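See below for the structure under consideration.
Since every read-out is calculated from the coordinates, none of them should be taken as a lab result. Note that the structure is predicted; figures quoted are calculated from it, not measured. Positions of Cβ are backbone-derived with ideal geometry, glycine not excepted, and every protein chain shown enters the neighbour counts.
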Amino acid sequence: MKRTLVILLRNPLSAFGVLLVATVVLSALLADVIVPFPEHRGAVVDFANFNQPPSAQHPMGTDLVGRDLFSRIVYAYRISLLLGVVVLAIAVPIGVTVGLVAGYLGGRVEYVLMRLTDVFLSIPPLVLAMSIMGVLEPTLINGMLAVTAMWWPWYARLVYNLTRAEREEGYVLAAEVLGAGRVWVMFREILPNCVPSIVTKMTLDLGFVILIASSLSFLGLGVQPPTPDLGSMVADGATYLPDSWWLTVFPGLAILLAVFGFNLVGDALREILGADQ
Amino acid sequence: MATPFLSIEGVRRVFGSGAGEVVALDGVSLQVARGECLAVVGESGSGKTTLANLILGIYPPSAGRIMLDGAELPARRRIEHRRAIQLVQQNPLSALNPRRSVGASLRLALDVHAIGPRAGRDAHVRRLLEEVGLPGEFARRAPAALSGGQRQRVAIARALACEAPLLVLDEPTSALDVLVQARVLRLLDDLRRQRGLTYVFITHDLSVVRNVADRVAVFERGRLLETGPVAQLFAAPAHAYTRSLIAAVPVVTPEEDALRARIAQGGPAS
């Protein structure tokens, strides 16, 4: 862990990624402290200051009802990260378990589980999430549900392939010959050998979940106002381009930096942990 | 032989079905007495590893039965059968989980079979390591910090951990350096004598056979060609195939011996 961090910081590109990720995470955690207008995360209206370009008081300008954009972006990070963490916290255990069981037990179990996974994988992710959101109410919880439903199959496929390879290793045979149970062999022998690949994919995916969630709310299907969300901020401002450029550029840049940061770290982790899958 | 410890009776094993059917073993019957070391030799594809997997219960025989100490082993092995038959694999690099310490790998055997009091198992692990000639503090190391020979010793310690009377040794020395090979063979031989273990020793190396085995079973393409005491088989092989296997062993002639002695003393080779 410590060694990994040292290597991460030694490479300028991955160090930049760590810096971006740290900035995003810290600003989300410390939003209440660093933000000039904490109350602007909700339904506040200040028509005296609406649609102002960046200034000393509002470093990223104000939106159409006069709220400080910088404050809203920082709070949006909080929502996006929360969404990403919750989605992965649900999707990863499901996907990992499906992949482990299918890959280790094989036979009919493998057939059923992996065909089910294929069905989910065959639907374009955004379309699947949109159709779920279309049926359900567009709330934050349902947004998480929709993104989770499209996310677990990727982990099932990844862990399935890893398990298939690990199953041939001698230590798995040794544990079986010793009489260890199937659950033990799957979760205590095979799973630890899949962890580097899973961690790498999770890091990359945190960026992608933020991107997908933003895409959904850009289409009006995600987080609903007045809760700040990067995707809907970009959508709201798009009509006023190019004159009120700050309405779209700063939230867009915020998405870019977060996704870019998680990608840089994820790519670096893949090399360090040797999880090339 | 009164009651053989391990008895294989008319065993056949087929893989696949229809046109892709492969008969890996056919009509194999053989017995191993308690405390005996039976060497199983043959080229790759002769069915040696299939035989090992059948004994270990990795998969059941298509026909025939396998008896241990007078009782038939079921297709689905129970925990006491697992405890009775253990394995040392060919490749020491993959036999230990790279993500777990050596001690954790050994402890698994003690935990699965509830051997000894829970609190004493870490000490037991260290004792096991010492029994195979490794320092007890190796328990904390990762397998990657051990050499091939050391890992193979750990694998042997794991096989001993659950006090199995029967060990299947699947080419346990063929992935090791020559010097390490000799030491591991010596260790296996000593353990067998001290503990009265029974070995099914799979190998393709006839010089190993001559050193450690009591009897030899020669396999060719899934069939048991002949069995017999080592000395008899080397002196009077019944089958042409056995003769060709023996002929393939590099023999040290007196001339060659003298040559080696000169080289060892630093003299000219010719």
> Which net charge results when you count Lys and Arg as +1 and Asp and Glu as -1 among the other residues whose beta-carbon is under 14 Å from that of A:T203?
Replying inline: -1
>> Mean-square fluctuation check for chain A, GNM, Cα pairs under 10 Å: which of A:L30, A:L81, A:L204 is largest?
In response: A:L30
>> Using the Cα centre of the protein assembly as shown as origin and beta-carbon charges of +1 (Lys, Arg) and -1 (Asp, Glu), tell me which of B:P229, A:L5, A:V74 is placed farthest towards the positive end of the dipole.
In response: B:P229
> Counting Lys and Arg as +1 and Asp and Glu as -1, what is the net charge of the other residues whose Cβ lies under 10 Å from the Cβ of B:S147?
Replying inline: +1
> Classify the range B:1-57: rounded, prolate or oblate, from the alpha-carbon gyration tensor (a ≥ b ≥ c, eigenvalue square roots; a/c under 1.5 rounded; otherwise prolate if a/b is larger than b/c)?
Replying inline: prolate
>> Could you list B:Y241, B:Y59, A:Y160 so that the one with the fewest beta carbons within 10 Å of its beta carbon is first and the one with the most is last?
In response: B:Y59, B:Y241, A:Y160
> Using a Förster distance of 22 Å, how high is the FRET efficiency between B:R12 and B:E226, based on the Cβ-Cβ distance and rounded to 0.05?
Replying inline: 0.70
> How would you rank A:T139, A:T203, going from fewest to most other Cβ atoms within 10 Å of each one's own Cβ?
Replying inline: A:T139, A:T203
>> Suppose every Lys and Arg Cβ carries +1 and every Asp and Glu Cβ carries -1, with no other charges. What dipole size does chain A come out with about its Cα centre, to the nearest 20 debye?
In response: 580 debye
> Looking only at B:R118, B:R215, B:R107, which one moves most when chain B is put into a Gaussian network model with springs between Cα atoms under 10 Å?
Replying inline: B:R118
> Taking a label point 7 Å from the Cα of B:S62 along the Cα→Cβ vector, which residues of the range B:197-237 have an amide N closer than 19 Å to it?
Replying inline: B:219-225
> Which net charge results for the neighbourhood of A:W151, defined as the other residues with beta-carbon distances under 15 angstrom from its beta-carbon, given Lys and Arg at +1 and Asp and Glu at -1?
Replying inline: +1
>> Name the residue from A:L216, A:V249, A:T148 whose Cα lies farthest towards the positive end of the charge dipole of the range A:140-277, charges +1 on Cβ of Lys and Arg and -1 on Cβ of Asp and Glu.
In response: A:T148
> Contour minus end-to-end for A:V127 and A:A48, with contour as 0.36 nm per residue of separation and end-to-end as the Cα-Cα distance?
Replying inline: 24.4 nm
> Which cross-chain or sequence-distant (5 or more) residues have an amide H under 5 Å from the amide H of B:L25, H modelled 1.01 Å from N in plane?
Replying inline: B:R13
> Which value, in debye to the nearest 20, describes the size of the charge dipole of the protein assembly as shown about its Cα centre when Lys and Arg Cβ atoms bear +1, Asp and Glu Cβ atoms bear -1, and nothing else is charged?
Replying inline: 1500 debye
